[in-house]
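Q: The structure is given below, and queries will be raised subsequently.
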Amino acid sequence: MFNDKIYINKDTISFYASTNEKYLEGEVKGVIIELPGLGGSSCLGGLIDFADYEREHAVEYAKKGIVLAYMYPGPWSWGNKGAIRMTDAVIDAIAEKYSLEENFPLVISGGSMGGLGSLMYAIEGKHKISAVAAACPVVDALYSMKVHPEFPRALISAVASYDMPFEEALKSVSPSYRVKELPLLKYYICSDGEDEVIPVEQIESMVSNMKSLGLDVTYRPQPGLGHGGFTGEVWNELHKFMEDCILTC
């Protein structure tokens, strides 16, 4: 077992994640991890900067004792092995810093590439999680090679070190190919009806497969919106879902 704590620990969290810890009030009740979209941005609000997570919702979470951490696993991580390992280490560091008991409430979230990452963490991560919230998630990395000019170099970069053909490596980071491995927990998934890079049909097919496997999935389509868009109703519902999964577990 590697001693990753030498590098990623309670004193170095800010090198690997932007958090709302500055605004925490009272006892820490749980943790929400947010994984980045392509290039390091996030439709959920995070920015890949060395700075406090100061968006309005982040501050509100902190006031309720919820740590929100926006991960820095790299702008082309695509839920790969490195992103999972770094996320595990940051969660370990937060748990150590706040003396959290085993199996504390933990939600993994993200949009687009981060949505893929959140679903892959549910499969590959070492921590038991309470829920996943994925907005317009990429669910088929192999298909996505051909839908946007920025995707091929990013996807191949993410899996270039995998000791297998690229096609198999891309399938290994695709939730739709690994849906049977998703654990029994709560899922919130939303899509954008006019998404120009992720076919809504792919998301809805995976959601259907998840439900047929007995998974607890809340699915919210958003007609008329482009990639990464939110209606006010879905934005509020998604954040309430995450908050409730922390506070009522």
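The values are calculated or read from the model by the stated rules, or taken from the named source; none is laboratory data. Predicted model only: the values in this text are computed from it and were never measured. No Cβ is skipped: glycine too gets one built from the backbone with ideal geometry, and neighbour counts run over all protein chains shown. Surface areas here come from the heavy atoms of the whole protein model, side chains and all, with no ligands, DNA or RNA. Shrake-Rupley method; radii C 1.70, N 1.55, O 1.52, S 1.80 Å.
Q: Classify segment 193-247: rounded, prolate or oblate, from the alpha-carbon gyration tensor (a ≥ b ≥ c, eigenvalue square roots; a/c under 1.5 rounded; otherwise prolate if a/b is larger than b/c)?
A: Here segment 193-247 falls in the oblate category.
Q: Mind pulling the per residue volume of the convex hull built on the Cα atoms of segment 113-167? Å³ is fine.
A: 89
Q: Relative contact order for segment 1-104 using alpha-carbon pairs under 8 Å, separation at least 6, rounded to a whole percent?
A: Averaging sequence separation for qualifying contacts and normalising by length gives 38 percent for segment 1-104.
Q: Given the pairs K128/K171; K63/K126; K146/K171, which span a C-alpha to C-alpha distance of over 19 angstrom in this model?
A: As for pairs spanning more than 19 Å Cα to Cα, those are K128/K171; K63/K126.
Q: Ordering H227, H57 from largest to smallest accessible area (1.4 angstrom probe), what's the sequence?
A: H227, H57
Q: Please label the shape of segment 1-103 as rounded, prolate or oblate, based on the square roots a ≥ b ≥ c of the eigenvalues of the alpha-carbon gyration tensor (a/c under 1.5 means rounded; beyond that, a/b larger than b/c means prolate, else oblate).
A: oblate
Q: Here's a follow-up. Within the chain, which whole H helices from DSSP have a Cα span along their axis of at least 20 Å and a mean Kyte-Doolittle hydropathy of -1.0 or more, if any?
A: Those that pass (Cα extent of 20 Å or more, hydropathy at least -1.0) are 81-97, 232-247.
Q: Using only the alpha carbons, work out the radius of gyration and Dmax of segment 151-206 in angstrom.
A: 13.5, 37
Q: Got the relative contact order for the chain handy, in percent, Cα pairs under 8 Å and 6 or more residues apart?
A: Details: 509 pairs, mean separation 46.9, N = 249.
Relative contact order for the chain comes out at 19 percent.
Q: So how strong a dipole does the chain carry about its Cα centre when Lys and Arg Cβ are +1 and Asp and Glu Cβ are -1, to the nearest 20 debye?
A: About 400 debye.
Q: Give me the dipole magnitude in Debye, nearest 20, for segment 28-117 about the Cα centre, with unit charges on the beta carbon: positive for Lys and Arg, negative for Asp and Glu.
A: 140
Q: Please compute the Kirkwood hydrodynamic radius of segment 152-249 from all pairs of different C-alpha atoms, in Å with one decimal.
A: 15.4
Q: Can I ask one more? Report, in debye and to the nearest 20, how large the dipole of segment 71-190 comes out about its Cα centre when Lys and Arg carry +1 and Asp and Glu carry -1 on their Cβ.
A: Details: 11 positive and 12 negative charges, 42 e Å.
That gives segment 71-190 a dipole magnitude of about 200 debye.
Q: Compute the normalised compactness of the chain: alpha-carbon radius of gyration over 2.2 N^0.38 Å, N being the residue count.
A: In units of the globular-protein estimate, the chain measures up at 0.94.
Q: Something else: Which one, G111, A51, N3, projects farthest toward the positive side of the charge dipole computed for segment 1-115 from Cβ point charges (K/R +1, D/E -1)?
A: Towards the positive end, the residue furthest out is G111.
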